[in-house]
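Right, one structure below, let's go through it.
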Amino acid sequence: MFDTIIRNANLPDGRSGMDIGIDKGRITAIDRGLPAEAGEVIDASGRLVSPAFCDPHFHMDATLSLGMPRMNVSGTLLEGIGLWGELRPLLTREAVVERALKYCDLAVSQGLLFIRSHVDTSDSKLVTVEGLLEVREKVAPYIDLQLVAFPQDGYYRSPQGVKALERALDMGVEIVGGIPHFERTMDEGRQSVEALCRIAADRGLMVDMHCDETDDPMSRHIETLSAETVRHGLQGRVAGSHLTSMHSMDNYYVSKLIPLMAEAEINVIANPLINIMLQGRHDTYPKRRGMTRVRELMEAGLNVSFGQDCCMDPWYSMGSADMTEVAHMAIHVGQLGSIIDKHEVFDAITVNSAKTMGLADYGIGVGCRADLVVLQAENVTEALRLKPGRLFVLKSGKVISKTAPRIAELALDGRPQSIDPGKDFVPGAAKA
């Protein structure tokens, strides 16, 4: 007897027609034709069942603040940072909590149950920290929310940056962040990386730095971050986010840099939607794509994941909490079009991101937590093509969101009466 059985599921590894037995919030059996009864039976009907999606890079303190106090007219990163500086003094804890909870509702509907959010520590009042700590507690039954102490205005550049970040960590923020390329000088950027890694090592915390989010090929703080990771024995616990300067670096330097990153076991987080929108703004033509060297980093064995980054905030007027949309953009920007590429891209919004976030018992396997999503698509490649509906979202084996299948009813002489985009247009090659 199981609490829940999902029947006739296709899995990301290519297995089809599988039953998933769930008991006490965990997967306890995976096989074809499980004979047991269950309190709840979900018929996947040959659709893809995936682990719940992970977003390892987001800014929840700013989400849904689009237009406050004004719009980003240029659409640039720097105007967005300036606009956030205008909004920050106007924030209240209640408003931060309300907007973040609304975003979390959307995230659940999209099967996004694991989020790492940076929280700005530049204002010494730490209203954003107080708000997101409250949100983390409120959403704990259905979303695992990690918080990064993020000195948006610079660890040294902000007058209260050093003390405020330490206070945020003392309050319960569990990851050390930074933004070395935004310090006043390259040397202060280097010093900030060294200081922040030392704090993480002393406190036993993970590190996640905005690193080299610029078109400048001489912005090379990821080199320092990798070296400090090795120096402090933080291998596997450090993430470098964005790394967009790598798209402008010469190949010889990159041939030295990537092995150093691999030695440090750096977790790489690209943010395809935001990177393609904000980078290359000083270019005429040719215009740079903006995203870091995803293919080369993957081929070197680094753990690469993708983040949403922003949703309707000073930097990005779009966003939907849909990690398949993020992956869809990565495929195009990174020219990752093969079947193998697409499986690796899907990993970047699931298992790779879970590794970046240090999640335990994540995935589809016996003993894993039953945090799952049933998609209106038959397999991984179709899920990335269609950005399909989330028919069922389960947290610890309990259904917390349902969406009706998207079925179009047609009135065309001699043609089918309905179309299911998740079943009626699957090419044979996509089943490989």
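The values are calculated or read from the model by the stated rules, or taken from the named source; none is laboratory data. If you're wondering where the values come from, they're calculated on a predicted model, not measured in any experiment. For neighbour counting, all protein chains shown are included, and Cβ atoms are generated from backbone atoms with ideal geometry for every residue, glycine included.
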Checklist entry - Looking at segment 35-63, which of its residues are farther than 26 Å from ASN352 by Cβ and surrounded by 18 or more Cβ atoms within 10 Å (Cβ to Cβ)? => result ALA38, ILE42
Next on the checklist: What's the number of the only condition in (1) closer than 22 Å to LYS355 by Cα; (2) in contact with a Pro (Cβ under 9 Å, 6 or more places away or on another chain) that SER226 fails to meet?
Outcome noted: (2)
Item to check | Selected residue (only one of THR350, THR356 is surrounded by 19 or more Cβ atoms within 10 Å (Cβ to Cβ), over 23 Å from ILE5 (Cβ atoms) and of a type in the set (Val, Ile, Thr)) | outcome: THR356
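Would you check if there is a residue in segment 227-242 being under 25 Å from LEU78 (Cβ atoms), surrounded by fewer than 16 Cβ atoms within 10 Å (Cβ to Cβ) and among the charged types (D, E, K, R)?
Scanning segment 227-242, I find no residue that is under 25 Å from LEU78 (Cβ atoms), surrounded by fewer than 16 Cβ atoms within 10 Å (Cβ to Cβ) and among the charged types (D, E, K, R), so the answer is no.
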Checklist entry - Which of the residues spanning segment 62-88 are closer than 15 Å to ILE179 by Cβ and at pLDDT 95 or above? => result ALA62
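Pick from segment 126-181 the residues that are in contact with a His (Cβ under 9 Å, 6 or more places away or on another chain) and either surrounded by fewer than 17 Cβ atoms within 10 Å (Cβ to Cβ) or of a type in the set (Val, Ile, Thr) (or both): which of them is nearest to THR92 (Cα to Cα)?
Among them, the one singled out is VAL148.
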Item to check | Long-range neighbours under 7 Å by Cβ, at least six apart or interchain, first residue over 12 Å from ARG220 (Cβ atoms) within segment 249-262, second assigned to a helix (DSSP H, G or I) | outcome: ILE258/GLU296; ILE258/LEU297
